[in-house]
Every structure is written in structure tokens, then in C-alpha cells.
Amino acid sequence: MAAPPPVSLTLDLLHRRLLRDGAPVSLGDRAFDLLAVLAEAAGEAVTAETLTARVWPSVTVGPGNLRVQVRALRRALGDGAVENVPGVGYRLLLPLSGPGTGLSHPPVDALLGREGELDRLRMMLARSRLVTIIGPGGVGKTSLALAGVARMPALRGVHVELAPVAQGALLPVVTAAAMALRLVGADMKGAVLQALAERPTLLLLDNAEHLLDAVAGFADELLGQCPNLHILLTSREPLGLPGEQLLPLCPLDCPPEGEEMAAAIRTYPAVRLVLREHARGGWPEPADDQMPALARLCRHLDGLPLALLLLAAWMRDCPVAEVERVLSGRFQDLPLPAEAGSRHGNLHHMLRWSVEALSPDERLLLGRLAVFAGTWPVEAAVAVCGAPPLEPAAVPGLVAGLVARSLVAGPIQTRQQGLRLLETIRHHVIAGDPGLVERDGLRHRLCAWLSAHLRHQMLVRGQSGFRVPGLLADVADIRAMMTWAFGGGDVLAGQVLALDSFRLWTQAGPFVEIADFLMRAWSLCGPETPPLIRALLGLLLHGEGLTVRLPMQADRARYAQDELEAAVATLREPDVPPVWAIDGLRAAGYIRRYTGDQRACLALWEEAVAIADRHQVPADMVRDRSLLGWMRAELGEMAQARVEFARALAAAERHGVPRNLTLMRLADAEFNDGQVDRAIAVTREALASGETMPPILQQTLRANLASYLLLQGRVMDAVSQALLALNIMIKIDYSYAQPWALERGALVALRLGRPELALSLAGLAQRLLDGGQGRRAAAEREIHAQLSTGLAGVNALERPLELAEALRSLREFYEDLLADGSTRR
């Protein structure tokens with residue numbers, strides 16, 4: 001038999017039509033029904049009895065009727081379209097696309113990053129008859145559902161697309177059409193029930209959020225009367241039926257903020273999807289230097305697959321950085337590429353569909369929530385957004401409704417603590433009413449809530465030894481509010497927020513960013529600035545409160561002479577927040593230390609310990625008592641130092657405060673006392689403690705261990721620790737540690753016969769120290785002394801190294817040493 005002609009045929013059961021290369025093909029009702037049944041068999045032969053029963057249900061006809069309709073199909077599609085299978089019946093030989101072939105399953109590679117969700121969906125379908133995939137528009141619910149149906153081969157799959165259906169009364173009609181049922185009589189629902197009862201079926205009701213009540217009633221009735229039926233639903237909110245299993249679908253994972261390594265960025269599913277779609281258009285893969293911009297774009301688009309298709313299309317015309325500049329803040333208005341196959345013309349249309357269904361109070365709250373740039377708890381929504389005409393008591397219920405409609409993302413979807421608006425939704429509601437946030441004074445309210453929450457939470461965490469839940473304030477909100485405040489919104493509110501968020505930033509970073517905000521706050525101080533605000537800003541910037549090199553540090557001597565005493569006196573006034581007083585006194589002590597007055601430093605730190613003890617803040621008491629031990633060791637009072645360290649460690653044990661910072665300072669004191677083995681053992685104990693520690697502390701512990709090992713002559717052991725410390729330092733941009741890292745590397749190079757490299761590294765380290773007035777600790781002083789002796793007489797290089805070049809050379813030097821050592825072993 002001749003092969004059928006190579007044409008593109010689409011069977012559209014929803015609209016009961018056959019398309020050849022996009023153009024309608026004329027077919028009678030019976031011929032269309034016959035084609036639908038043959039297509040459902042997917043190339044298998046169908047008996048004449050089955051065909052007759054399906055095409056003429058409840059009607060008695062002879063074999064001639066079937067032959068007439070077969071000839072009609074052959075006239076319309078070609079003689080080779082339908083094959084006569086002797087002794088069986090007929091088989092369709094033409095390939096068809098569209099719902100007439102069952103379900104259009106997405107290819108496996110289309111579901112990047114969805115392997116876990118697909119496995120969970122399969123297990124849920126195996127144990128439950130009603131499963132709903134919920135999530136925001138564009139997150140890929142339909143693709144996952146189609147792939148899930150493909151994982152259930154024992155069930156007949158039926159896909160009912162509900163997006164174009166405007167009335168719940170049409171549900172039986174569109175379901176019958178999707179099943180290729182010939183509708184005879186008025187009982188359409190009865191025909192659907194009868195067909196579903198004939199064989200085990202998985203019914204996919206796709207995009208049901210706008211018909212939720214009608215779909216709930218329809219699904220409940222179908223499940224009640226068809227025991228072999230399973231229903232899979234996609235919606236932005238659940239049906240609420242008994243026994244309904246929910247599968248919340250999250251956006252694709254994006255590279256975290258701060259990830260700059262191109263190789264790492266390329267591994268995230270959101271980036272992989274963009275790069276795959278970009279490559280399918282025949283365009284070359286973006287270069288490594290464009291990867292950080294692509295990571296930012298993926299985060300701005302929340303990892304929504306639909307939005308990422310948009311991004312891939314725009315990347316075909318210009319570099320990623322240019323796309324980021326052009327599209328900033330305009331994602332919701334841009335058209336989706338035609339090949340995306342989406343029913344939404346653009347992101348704006350997709351989001352408008354959801355927002356228009358909200359009540360007036362829900363729409364107002366959604367608009368107000370756009371003031372949050374990051375995650376937030378319900379209590380923040382109440383405090384910031386619960387102003388007239390909204391009642392504060394009503395806000396939690398309204399938030400719950402927005403979460404149920406997938407307009408507010410919860411912890412399951414965001415994989416973060418708290419709630420948040422996805423950026424695409426946030427920009428959409430801002431575009432809908434650009435003046436709402438300013439008109440309702442929401443930024444002032446958010447600044448006030450952030451400061452109050454941070455001040456209280458930092459005190460509570462210090463009092464309870466960190467045994468409390470994490471902060472509910474998001475750095476993204478703090479950043480956005482300080483940017484607004486220092487841009488003219490409310491300078492004093494920004495200065496207060498900078499001080500209240502100081503501890504959070506110094507624990508989590510990025511350090512350069514909080515340094516920039518504090519310097520901006522300092523520069524905006526004027527006659528109207530409250531003395532306490534000016535005093536604390538000055539102390540933090542001139543002391544060692546920040547782990548970065550700052551221009552103010554070169555001005556420490558003048559500040560200590562002219563302003564320090566007045567600033568400290570301000571901290572002693574009544575009603576100063578304890579956390580502020582402790583931070584200020586600690587910074588003042590460092591200023592005294594750097595300007596050579598160690599006894600005055602000791603007195604200031606003792607005052608900080610007393611405040612922490614009076615206000616029952618054990619975390620600060622432990623931290624500052626360990627500073628007392630460290631300073632007494634520097635003064636040669638080792639017996640008293642050990643007493644202070646013992647008291648700090650006992651208090652840490654008693655209150656559940658991490659011990660690793662105290663152990664780090666104890667190790668430095670032991671080294672200062674000549675107990676190198678003891679210093680190494682204590683440092684290893686801190687690293688192996690299993691306690692949570694910020695990256696900066698881990699970096700310092702490993703750097704110190706490297707120094708101790710190097711000075712003990714264990715060069716290769718030192719190199720392995722030094723490389724770990726160097727990598728952390730570079731990743732978190734810990735500029736304060738750069739001089740010590742360079743001098744440590746210089747001594748390694750000198751020991752291994754590389755005097756030129758040693759000289760270049762040591763010279764750069766000294767230039768950095770000269771600019772920032774850093775002060776070497778015990779091990780650092782010994783390393784510097786050995787360098788000075790060993791490099792005497794070595795000729796200086798004609799061109800000194802720049803910092804980035806020096807760090808890169810040092811990392812390569814360490815890596816080569818370790819690789820060579822591994823090869824020799």
C-alpha cells in the first residue's frame with residue numbers, strides 16, 4: 001500500500017475540526033468521530049465492533065455504514081490514510097498532532113529541574129484519585145501534568161483544556177469533546193460518566209482556577225460515580241475537596257545572589273532552560289563573562305519557565321547585559337515568542353487574569369505588599385499594610401487568600417522563610433498603580449517596622465544564645481529602604497535602619513554593601529542629626545566593626561583625639577539601646593588599640609561586658625569577655641587571659657552560645673605565649689566543633705591555622721588550609737584579611753624558593769596596610785618578621801602586582817603546589 005502523503009495534520013477535538021497544514025479539512029460528523037477513535041489507538045488496529053459502538057453509540061447499524069465513513073476519510077486524507085486489517089478492522093496510518101492522539105506529552109528534556117516533582121506526582125497519582133498541581137501562572141503546571149500522565153500508562157489519559165471555557169455549565173461538553181464522544185441527546189454529563197466508567201482513566205482538568213466552584217462540583221460527581229477514575233487538576237488554587245492531594249510547584253532554581261562563577265551558574269535549572277531555548281534558535285552560547293548578568297535576569301524573573309522563554313527569545317538580538325538594561329522593570333509588558341506555545345500573549349495578560357478575580361480589599365493589599373522587595377512575615381504585612389481602609393485584623397485572612405491563589409508565594413514555593421511576591425507579580429501590581437506605595441506612606445512604615453524588629457530580634461538572640469528562630473527581616477527589604485531613605489526619602493530613618501541592621505549585615509554580608517550604606521549615612525550627618533546616631537556611626541566606621549578596609553581607618557588618630565571621648569560619653573546616656581551601646585564600646589576599644597592605648601581598650605571592653613551582663617545578653621558577654629582574654633594575652637598577662645577565656649567558655653556552654661569565636665581568640669593567645677602546638681589543637685577543635693559559623697569566622701580560623709602550621713615548618717599542611725581560607729576570602733570579598741593572606745603567601749613562596757613572587761606579594765600587603773592602618777596579631781607579626789629578614793637584598797620588581805592579579809597568582813600558586821604534592825604521593 002502506498003505511503004500517506006507527508007502533510008501536517010492536527011486533530012482539534014475541543015473545536016471538532018481537522019487541520020491540514022493549518023487549514024480546515026471538510027469532514028462529516030461521523031467521519032470525524034471515526035478519525036478520533038482511530039487516532040486514539042495511536043497506530044494500533046481497532047476492531048469493527050469497537051468502531052461501530054464508538055461512532056454510533058446506542059444505535060444499531062450494519063457493516064456498510066462503517067465502510068462508508070472509511071471511504072469518506074480516504075477521500076479527504078488519501079487512500080493510504082486508513083488501512084484495512086483483515087480479520088480485525090482498521091488502522092490509521094497518518095501521524096496526527098494535537099489532543100486527538102491522546103495527550104501531547106512534553107519531551108523529557110523539556111522538564112529541566114522537575115525530576116523530583118515528577119516522581120512525587122507519580123507517587124501521589126498512585127495513591128490518590130484527586131491530585132491538584134498548584135502554583136503561579138507560568139510556573140509550568142501543564143507541562144508537569146502532561147509528563148505525569150505519561151508516567152501512568154495503565155490509565156487512559158484525557159486532557160481537558162479549561163482556559164478558554166467561560167462557563168461552568170460547559171464542563172461536560174468540553175470533556176466529551178476531549179474524549180471524542182459523539183453526543184446524542186441532551187444528557188451530555190451522562191455520556192461522559194458512561195464513557196469514563198468503561199475503562200480506567202486519568203482525566204487532566206487543566207487551568208481550572210477561574211471555574212473553581214463548578215470544577216469542584218463536576219469532579220466530585222465524576223469521582224463518586226466512576227470508581228476507576230483519577231483526576232489530575234492544574235490550578236492556581238486548590239479545589240478544597242475531601243481527599244484532595246496538593247503538589248505545590250515551585251519556580252526553577254536560580255543561582256543565588258553573589259554567585260559569580262560561570263561554571264556554577266550554568267548548572268542551575270533556570271539558566272539551563274534559557275541556554276537550551278537560546279541554542280535551539282541557532283544562536284551561540286553566551287560567554288562566561290555574561291553569566292552573572294544572566295543569573296540576575298533569572299532571579300528577576302523568579303525562575304518562571306514561561307518568563308524564561310521570553311528571556312531566551314530576547315537574548316537572540318543582543319548581549320545579556322544589554323537585555324538586562326533594556327528589560328529592567330518591563331518584563332510584564334513584553335510579548336512572548338510565538339514558538340512558546342503559551343495561551344498568554346505576555347506576562348501582563350497572564351497576571352491580569354489572576355488579579356481581576358480578586359475582591360477590592362485583596363487587590364488593595366496586593367498592591368501595598370509591593371513595598372516589600374524580599375520575604376516578609378504576616379506580622380510585617382499587618383504592621384506595614386494594615387492601614388485604612390484595611391483593618392489590621394483582616395490582613396492575615398487576606399494574605400491567606402492571596403497565598404491560596406498563588407499570588408503570594410509561601411516557603412514551599414520560594415524555599416525561603418516567610419512570604420513574598422514574585423518579582424513578576426510585584427512589577428505588575430506596581431505598574432497598575434505606580435503611586436500607591438508613596439501615596440499610602442508604606443516605605444516610612446516599612447522602615448519603622450524593620451528597625452523595631454531588628455533591634456528587638458538582635459537583643460533576643462543575644463539573650464537566648466541564638467536558640468531562637470531566624471530573623472524575619474530580609475536583607476533585600478533593608479537594602480531597598482536604605483536606598484530610598486538616603487535618596488531623599490527619610491535620611492534619619494535610613495541612618496537608624498543602617499545601625500539596627502549592622503549586625504545582620506556583618507554576619508551574613510555582603511560586607512562592602514553595609515560599609516557603603518554606613519559611609520553614606522555618615523556623610524549625611526548634619527547639625528540636625530541626633531548625637532547618638534552620629535556617635536555610633538563614627539565609632540563603627542573608625543573602629544573594627546566592619547570587616548573591610550575603609551578610608552576612615554586612616555583617620556583613626558585624629559578621631560581618637562578629637563571625637564572619641566564625646567562619642568563614648570553619648571553611649572553612656574540613659575535609654576541607649578543595649579545592642580547599640582555594646583557595639584559602640586567594642587568599636588571604641590579597637591580604636592584605642594590601633595592608636596596604641598591598650599589599657600584604655602581593655603577598659604572599654606570591660607564596660608561592654610558589664611552592659612551585656614546587666615541586660616542579660618550572654619552572646620555579647622561571651623564575645624567581649626573573649627576579647628578581654630585576647631587583649632590581656634597581648635599585654636603579657638597570660639594567667640589573667642586564661643581566666644577570662646575560661647569564664648567565656650563556661651558562659652558559652654551554660655547559655656548555648658557558639659564557642660568557636662572564643663576558641664579562635666584563645667588559640668591566638670596561646671600562640672602569643674609560645675604554645676604553637678596548643679594553638680593548632682585549639683583551632684582544629686573550633687573547626688571540628690560542628691557549630692554554625694559565618695563564612696568570615698571559618699575563613700579566619702583556617703587562615704590562622706595555616707599561619708601556625710607555616711611557622712612550625714609544616715609548609716604543605718599550611719598551603720591546604722591557606723587555599724581554603726583564600727577561596728572563602730575571595731568569595732565573600734573579605735578585604736580586611738587581604739594583607740595577611742598576601743604576607744602568608746609571600747612566606748610560603750620564600751620558603752619554596754620563589755623570592756620574586758614573595759617580594760611582590762609582601763610589597764602589595766604593605767601598601768594595603770599603609771592605607772588602612774591595620775595592626776598585626778601574634779602570628780602575623782612573626783610572619784612579617786621572617787619576611788623582612790628573608791627578603792633583605794631581593795631586588796624589587798619593575799611592575800608591582802595589582803590586587804586582583806596578586807590574588808589570582810596566589811591561588812594558582814597554591815593549587816599547583818597541592819597538585820604537584822598529590823602527584824608525588
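The values are calculated or read from the model by the stated rules, or taken from the named source; none is laboratory data. Computed from a prediction, not measured in an experiment: that's the story for all the values here. Every residue, glycine among them, receives a Cβ derived from its backbone with ideal geometry; neighbour counts consider all protein chains shown. All accessible areas refer to the heavy atoms of the entire protein, side chains included, with ligands and DNA or RNA removed. Shrake-Rupley method; radii C 1.70, N 1.55, O 1.52, S 1.80 Å.
Hey, if you put +1 on the Cβ of every Lys and Arg and -1 on every Asp and Glu Cβ in the stretch 176-256, which of 204, 234, 191 ends up farthest toward the positive end of that dipole?
Selected residue: 191.
Is the shape of the stretch 561-708 best called rounded, prolate or oblate, per the rule: a/c under 1.5 gives rounded, else a/b larger than b/c gives prolate, else oblate, with a ≥ b ≥ c the square roots of the Cα gyration tensor eigenvalues?
The shape class here is prolate.
Rolling a 1.4 angstrom probe over the protein heavy atoms, how many square angstrom per residue are accessible across the chain?
42
Report, by chain and number, residues whose modeled amide H sits under 5 Å from the one on residue 133, excluding near sequence neighbours (fewer than 5 apart, same chain).
233, 234, 235, 247
Please give the charge dipole size of the chain, origin at the Cα centre, charges +1 on K and R Cβ atoms and -1 on D and E Cβ atoms. Round to the nearest 20 debye.
1340
If you line up the long axis of helix 676-687 against the longest principal axis of the chain, both from Cα atoms, how many degrees apart are they, to the nearest 10?
Once rounded, one gets 30 degrees.
Mind sorting out which of (i) 144, 70, 61; (ii) 111, 70, 48; (iii) 113, 84, 49 is the real Cα extents along the principal axes in Å computed from the coordinates?
Correct label, based on the coordinates given: (ii).
By average Cβ neighbour count within 10 Å, what is the ranking of 130-136, 65-71 from highest down?
In descending order of packing, they fall as 130-136, 65-71.
In the chain, what percent of the accessible surface is made up of carbon and sulfur (1.4 Å probe, ligands and nucleic acids excluded)?
It is 53 percent, rounded to a whole number.
Applying the Karplus parametrisation 6.51 cos²θ - 1.76 cosθ + 1.60 with θ = phi - 60° to the phi angles of the stretch 634-648, what ³J(HN,Hα) value in whole Hz is obtained for each residue in order, glycine and proline being reported as x?
Once rounded to whole Hz, the list reads 5, 7, x, 9, 5, 5, 5, 4, 5, 5, 4, 5, 5, 5, 5.
Taking amide H positions as placed in the peptide plane 1.01 Å from N, state which residues far from residue 693 in sequence (5 or more) or on other chains have amide H under 5 Å from it.
none
By average Cβ neighbour count within 10 Å, what is the ranking of 299-305, 237-243, 435-441, 37-43 from highest down?
Result, highest mean Cβ count within 10 Å first: 299-305, 37-43, 237-243, 435-441.
Among 171, 268, 718, flag the residue with its Cα farthest along the positive direction of the charge dipole of the chain, charges on Cβ as +1 for Lys/Arg and -1 for Asp/Glu.
Checking the options against the dipole of the chain, the answer is 171.
Taking amide H positions as placed 1.01 Å from N in the peptide plane, with prolines and chain starts having none, which residues 5 or more places from residue 157, or on another chain, fall under 5 Å of its amide H?
Excluding prolines and chain starts, which carry no amide H, the hits are 202.
How large is ³J(HN,Hα), in whole Hz, for each residue of the stretch 162-177 in order, when computed from phi with the Karplus curve 6.51 cos²θ - 1.76 cosθ + 1.60 and θ = phi - 60°, using x for Gly and Pro?
Result, ordered by residue: 9, 4, x, 7, 8, 10, x, 5, 8, 4, x, 5, 5, 5, 4, 5 Hz.
Taking the chain as a whole, which cysteines find no other cysteine Cβ under 4.7 angstrom from their Cβ?
Lacking a cysteine Cβ partner under 4.7 Å: 226, 250, 318, 385, 447, 525, 601.
Of the peptides 661-668, 384-391, how do they stack up when ordered by the mean number of other Cβ atoms within 10 Å, highest first?
Sorting 661-668, 384-391 by mean packing, highest first, produces 661-668, 384-391.
In whole Hz and in residue order, list the ³J(HN,Hα) couplings for the stretch 263-269 that follow from phi through the Karplus curve 6.51 cos²θ - 1.76 cosθ + 1.60, θ = phi - 60°; x for Gly and Pro.
Listing the rounded values in order: 4, 5, 4, 5, 7, 7, x Hz.
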